Amino acid sequence: MLFELTEEQLMIKQAARDFAVNECLPGVIERDELQRFPKEQIEKLADLGFMGMMVKPEYGGGGMDTVSYVLAMEEISKIDASVSVCVSVNNSLVCYGLQEYATEEQKQKYLMPLAQGKKDGELYIGAFLLSEPEAGSDATSQRTTAEDKGDHYLLNGTKNWITNGSSASVYLVIAQTDVSKGSRGINAFIVEKNSPGVEVGAKENKMGIRGSDTHSILFTDVKVPKENRIGADGFGFAFAMKTLAGGRIGIAAQALGIAAGAYELSLAYSKERKAFGTEIMNHQIIQFKLADMATRIEAARLLCLKAAWEKDQGIDYTLSSSMAKVFASETAMWTATEAVQIHGGYGFVKEYHVERLMRDAKITQIYEGTSEVQRIVISRSILK
């Protein structure tokens, strides 16, 4: 077992760290307060090749491995999880799904600009549309329909909680084509946001990751060309599940980064803040909190890297990605809460960042498969 990173992986990690500190940290509190989409940061990440990290170079991507992606996600998430979730969706869900399952024509038309994050000099990113008002964890209960009209499908319905909802140029939409077939009657479609009948709903006023733009997307008689269906008829549900398995690695890495960011702030604060005549790092109760933080974060990091490594090796990573996500997300929530406690009253104000990290941590236990769903996946695997 080798635990050392390659020189290239270390360079990517450092580049992501430098970017997060120099480009994301300035203004992060204001973006959170105003719910401002980090367009400037995403555009710069696109220029650096971080919006299509794992896409093959022939399709405009960086050709990097999943381990490098996890390292970058951790570093960016330490500073701004709103930026990292935009990176995650475009990389893990949209670009990955298209690279693995799209036709060559679809790759040329959509994957190439998505991997570069730009088209004709303008921001060009994607969104993944699965969740609905009545279809969250129960992804088979799709109410959005795609009626087969011969040379096209007619799309109608509503999707909820869509990251990059208003900023994306391309949507990957999961919709029901044949109710009688259940999950095998579901398809996946590439839908351009500017298509007639597509409406972006109001921006959600969220507890955390407030810089990312989360919207409902409404479809009214939207014509989707037949050539925009991904895979064979009825492949949509399998497409969503296979894509989400990889997406969970990205969210696990995001949770890891939030936890690591909260820990680093707490460690630094403990060396500066004095109480009862000495720095609080000299009090055993603080030492134990920091020790538990460091241990849980290291465990979460190893789970994330294992899932990423398995994906790179072509090994089935479904179990590992679920384990990584459930453990990393719960580590993020616990660590961020402890970070606020270590900071005391200062932890409750925005200036010290940890209250934002605590708010951001919560969503990692919910999106791309709740902690409860991850435990279902894990238990089914170990009880076979």
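Every number here is computed from the coordinates shown, using simple stated rules; none is lab data. Here the structure is a predicted model, which means the values were calculated and not measured. Counting neighbours? That spans all protein chains shown, and the Cβs are built from the backbone with ideal geometry, glycine included.
Rounded to the nearest 0.05, what FRET efficiency do V21 and T103 have when you use their Cβ-Cβ distance and R0 = 45 Å? Intermediate results must be reported in sequence, preceding the final value.
Numbers: r = 41 Å, r/R0 = 0.90.
The value I calculate is 0.65.
Taking each pair of different alpha-carbon atoms in the stretch 166-296 once, compute 1/r for the pair, average those values, and report the inverse of that mean as the Kirkwood hydrodynamic radius in Å to one decimal. Write down the numbers at each step before the final one.
Values: mean 1/r = 0.0525 Å⁻¹.
Radius from the Kirkwood sum: 19.1 Å.
Could you derive backbone 3J(HN,Hα) for the stretch 364-375 from the dihedral phi with the Karplus parameters 6.51, -1.76 and 1.60 (θ = phi - 60°), listing whole Hz in sequence and x where the residue is Gly or Pro?
5, 7, 10, 7, 6, x, 4, 4, 5, 5, 4, 5
On average, how much area does the Cα convex hull of the stretch 262-302 cover when viewed from any direction, in nm²? Don't jump to the answer; show the numbers that get you there.
Working: hull surface 10.7 nm².
Result: a mean projected hull area of 2.7 nm².
Calculated from DSSP H runs of 4 or more alone, at -39500 (n - 2.57) each and per residue, what is the 222 nm mean residue ellipticity of the chain, nearest 500?
Numbers: 12 runs with 177 residues, N = 384.
Result for the chain: -15000 deg cm²/dmol, rounded to the nearest 500.
With only Lys, Arg, Asp and Glu charged, each at its Cβ (+1 for the first two, -1 for the last two), find how big the charge dipole of the stretch 7-123 is about the Cα centre; round to the nearest 20 debye. Before the final figure, lay out the partial values.
On the way: 12 positive and 20 negative charges, 33 e Å.
For the stretch 7-123, the charge dipole is close to 160 debye.
Putting +1 on Lys and Arg Cβ atoms and -1 on Asp and Glu Cβ atoms, find which of N205, F189, I174 reaches farthest to the positive end of the dipole of the stretch 126-234.
It is N205.
Between I285 and S180, what FRET efficiency comes out of the Förster formula 1/(1 + (r/R0)^6) with R0 = 56 Å and r the beta carbon distance, rounded to 0.05? If you can, show how the numbers build up before the last one.
Details: r = 61 Å, r/R0 = 1.09.
It comes to 0.40.
Please work out how much length the chain gains when fully extended from A299 to T6, using 0.36 nm per residue of separation minus the C-alpha to C-alpha distance, in nm with one decimal. The partial results should precede the final answer.
Details: separation 293, 0.36 × 293 = 105.48 nm, distance 2.03 nm.
Net length gain for the segment: 103.5 nm.
Provide the three semi-axes, in whole Å and in decreasing order, of the ellipsoid equivalent to the stretch 250-384 as defined by the square roots of 5 times the Cα gyration tensor eigenvalues. The partial results should precede the final answer.
Details: eigenvalues 204, 41, 27 Å².
Calculated on Cα positions only, the semi-axes equal 32, 14, 12 Å.
Using the crude model of +1 on Lys and Arg Cβ and -1 on Asp and Glu Cβ, and no other charge, please compute the dipole size for the chain relative to its Cα centre, in debye to 20.
Values: 42 positive and 50 negative charges, 137 e Å.
Approximately 660 debye in magnitude.
Provide the per-residue ³J(HN,Hα) series for the stretch 41-54, in order, calculated from phi with Karplus coefficients 6.51, -1.76, 1.60 and θ = phi - 60°, each as a whole number of Hz, with x at glycine and proline positions.
These are the phi-based 3J(HN,Hα) values: 5, 5, 4, 5, 5, 4, 5, 7, x, 8, 8, x, 4, 9 Hz.
Any idea what Rg and Dmax come out to for the stretch 7-123 if you just take the C-alpha atoms, in Å?
13.9, 42
Looking only at GluC sites (Glu not before Pro) in DSSP loops with at most 13 other Cβ atoms within 10 Å, what is the longest site-free stretch of the chain? Intermediate values should be presented prior to the final figure.
Details: sites that count: E4, E134.
The reported range is 135-384.
Quick one: Debye curve from the C-alpha atoms of the chain, no solvent, what's log10 I(q)/I(0) at q = 0.06, 0.08, 0.11, 0.13 Å⁻¹?
-0.22, -0.40, -0.74, -1.02
Based on the Kirkwood radius over alpha-carbon pairs, what value in µm²/s does the Stokes-Einstein equation return for the translational diffusion coefficient of the stretch 89-158 at 25 °C and 0.890 mPa s? Kindly include the intermediate steps, with their values, before the conclusion.
Values: Rh = 14.0 Å.
For the chosen part, D equals 176 µm²/s.
Let me test this: with uniform point scatterers at the alpha carbons of the stretch 126-234, what is the Debye-based log₁₀ I(q)/I(0) at q = 0.19 1/Å?
The computed values of log10 I(q)/I(0) come out as -0.91.
For the stretch 140-147, just list the computed ³J(HN,Hα) in residue order, Karplus coefficients 6.51, -1.76 and 1.60, θ = phi - 60°, integers in Hz, with x standing in for Gly and Pro.
7, 8, 6, 9, 5, 10, 10, 7
Expected output is a single nm value to one decimal: the length gained when fully extending between F276 and D151, i.e. 0.36 nm times separation in residues minus the C-alpha distance. What is it? Could the numbers behind the result be given before it?
On the way: separation 125, 0.36 × 125 = 45.00 nm, distance 7.57 nm.
Difference between extended and current length: 37.4 nm.
How big is the stretch 66-117 on each of its three principal axes, counting only the C-alpha atoms and giving the largest first in Å?
Per principal axis, max minus min of the Cα coordinates gives 38, 19, 14 Å.
May I have the convex hull volume per residue, in Å³, for the Cα set of the stretch 144-184? Mind dumping the intermediate values first?
Values: hull volume 3.9 nm³, N = 41.
Given the Cα convex hull of the stretch 144-184, per-residue volume reads 95 Å³.
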